[in-house]
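What follows is a single structure, written as structure tokens, with notes after it.
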Amino acid sequence: MRTVGRWRRVVAGAIAIGIGAAGCGDGSGSAGALTSFGHMAGYVWTGHVSAVAASWSVPRMSSAAEAHASTWIGAQGPGVSKRPPFIQVGTVEDRGESNAVYAAFWTDTTLGFRPHILFDVHPGDTVSTTLTLTGGRWRVFIVDTTSRQSSSVSTRNEVGGNFNLAEWLQENPSETSGQATPYPDLTSVHMTALAVNGTTPRYGDVFAQWMSLPGRDLAPTPLRDGAFTITRGALTAAGRRYLEIVRPQNASARKFDLEEARWTERTPAGEIERVSAAAAASERRYADALDRAAWPVVARGPIGSLIREVRVEAGMFQASARHVPPSLVTWRRRFAQITPTVLASAHEVRRVLHLPELVSGLPQSRETR
């Protein structure tokens with residue numbers, strides 16, 4: 001078994017669910033970029049996860065320069081602890097200082113995200129992968145149907161976690177320092193036979209994630225019949241406009257979430273009133289900016305729905321700014337009731353504007369809740 005060049009780790013990346021987090025920027029490859037979309041491209045599904053599956057053809061690196069990539073499926077439970085549960089299986093496409101290495105691997109949080117190499121594969125080989133949680137164990141399985149090599153691992157490492165993300169991603173991995181490695185020129189990454197909990201995910205139930213590279217962004221094509229391809233991502237004028245509008249709202253939302261997370265039943269009413277008032281003002285500015293902007297016909301309905309939901313949330317914040325609810329539990333319950341509709345509206349806006357719907361490595365925002 002060969003080691004994998006200068007490979008340091010396959011990063012599980014902090015996934016920020018949907019919709020708002022990517023509003024912090026418009027991709028490092030785009031003119032006037034504000035920040036990166038992240039280092040992974042593909043799709044993520046949310047909900048209780050007990051099984052994930054997919055197949056793909058191992059992509060070929062077309063240059064001789066040092067470069068590192070990985071293609072994988074995973075299950076994750078972000079936000080539940082300082083070391084959130086995570087498990088993945090897939091292939092690495094790696095060129096160090098000498099030879100190119102293509103290999104099957106798996107890893108998890110307990111292994112420190114460092115890839116455990118299972119066997120060699122070759123460019124163009126078809127691999128099929130599954131992760132299955134059963135009997136108190138994760139079963140990790142990968143088969144190269146071209147060479148007929150396979151490997152199966154059974155582990156209890158991550159069974160204690162609440163897995164609520166299923167992932168199908170191509171990644172530009174990072175060094176242990178967090179710095180991104182050079183990304184190779186690859187043949188098309190085409191994933192097929194996507195499944196979660198034994199069922200093909202619907203396009204409306206998954207979130208697109210983009211990858212930012214120097215001079216370009218990569219994005220998944222629309223999910224059809226459980227399949228998609230990673231290709232060049234391109235922002236429209238309307239998409240850029242939306243990202244510019246949502247960016248200050250996301251910054252305010254993250255500030256609010258940090259403050260709100262520290263509240264207890266002993267937090268003074270005046271503090272809750274002050275923070276709620278600031279949140280209400282931020283939400284109103286966001287809704288007003290969306291309302292003033294010009295949008296293509298296909299986006300006007302979803303934008304209108306999002307504006308209405310944001311104004312409802314702004315009104316709830318304003319009410320709390322005037323009269324704090326009798327308990328913090330009551331306060332949080334009120335906002336939890338509007339979460340699904342805000343999320344659904346924002347998801348639809350990003351879908352019709354052809355924007356990334358989540359981003360790795362960024363905090364979750366009010367728009368996502």
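The values are calculated or read from the model by the stated rules, or taken from the named source; none is laboratory data. None of these values were measured; they are calculated from a predicted model. Cβ placement follows ideal geometry from the backbone for every residue including glycine, while neighbour counts extend to all protein chains displayed. Accessible surface areas use protein heavy atoms only, side chains included; no ligands, DNA or RNA. Shrake-Rupley method; radii C 1.70, N 1.55, O 1.52, S 1.80 Å.
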- [ ] Check each of the trypsin sites (Lys or Arg not before Pro) in the range 213-305 and keep only those in coil by DSSP with at most 13 other C-beta atoms within 10 angstrom; list them in order.
- [x] Arg262, Arg266
Open item on the list: Net charge within 10 Å of Trp72 by Cβ-Cβ distance, Lys/Arg positive one each and Asp/Glu negative one each, not counting Trp72 itself?
Closed with: -2
TODO: Would you be so kind as to identify which of Ser327, Ala269, Ala253 lies farthest towards the positive end of the dipole of the range 244-329, taking Lys and Arg as +1 and Asp and Glu as -1 on Cβ and the Cα centre as origin?
DONE: Ala253
Task: Estimated distance in nm for a label pair at Thr341 and Arg156, the labels positioned 7 Å out from Cα along Cα-to-Cβ - done: 4.7 nm
- [ ] Can you sort Thr200, Thr107 by 1.4 Å-probe accessible area, starting with the largest?
- [x] Thr200, Thr107
- [ ] Using Cα pairs closer than 8 Å and at least 6 residues apart in sequence, work out the relative contact order for the range 255-350, in percent.
- [x] 37 percent
Open item on the list: As an exercise, use a Förster radius of 51 Å and the Cβ-Cβ distance of Arg285 and Arg60 to find the FRET efficiency, rounded to the nearest 0.05.
Closed with: 0.60
Open item on the list: Give me the extension gain from Asp205 to Arg83: residue separation times 0.36 nm, minus the current Cα-Cα distance, reported in nm with one decimal.
Closed with: 41.3 nm
Task: Tensor-based shape of the range 91-233 (alpha-carbon gyration tensor, a/c under 1.5 rounded, otherwise prolate or oblate) - done: rounded
TODO: Using R₀ = 41 Å, calculate the FRET efficiency as 1/(1 + (r/R₀)^6) where r is the Cβ-Cβ separation of Ala261 and Gln149; round to 0.05.
DONE: 0.30
Open item on the list: Sort 36-42, 324-330 by the packing proxy (mean of other Cβ within 10 Å over each peptide's residues), most packed first.
Closed with: 36-42, 324-330
Task: Sites His116 and Ala294, calculated FRET efficiency, Cβ-Cβ separation with R0 35 Å, nearest 0.05 - done: 0.10
Open item on the list: What do you get for GluC sites (Glu not before Pro) in the range 231-317 restricted to DSSP loop and a cutoff of at most 13 other Cβ within 10 Å of the site's Cβ?
Closed with: Glu265
Open item on the list: Let me spell out the model: positive unit charges on the Cβ of Lys and Arg, negative unit charges on the Cβ of Asp and Glu, origin at the Cα centre of the range 242-361. What dipole size does that give, in debye rounded to 20?
Closed with: 80 debye
Open item on the list: Test of understanding: extend the Cα→C-beta vector of Thr236 to 7 Å, then name every residue of the range 338-354 with backbone N under 17 Å from that spot.
Closed with: 346-354
Open item on the list: With +1 on the Cβ of every Lys and Arg and -1 on the Cβ of every Asp and Glu, and nothing else charged, how large is the dipole of the range 159-267 about its Cα centre, in debye rounded to the nearest 20?
Closed with: 360 debye
TODO: Only Lys, Arg, Asp and Glu count, each charged at its Cβ (+1, +1, -1, -1), so figure out the dipole size of the range 49-197 about its Cα centre, rounded to 20 debye.
DONE: 580 debye
Task: Rough spin-label spacing in nm, given labels placed 7 Å along Cα→Cβ, for Arg322 and His354 - done: 4.5 nm
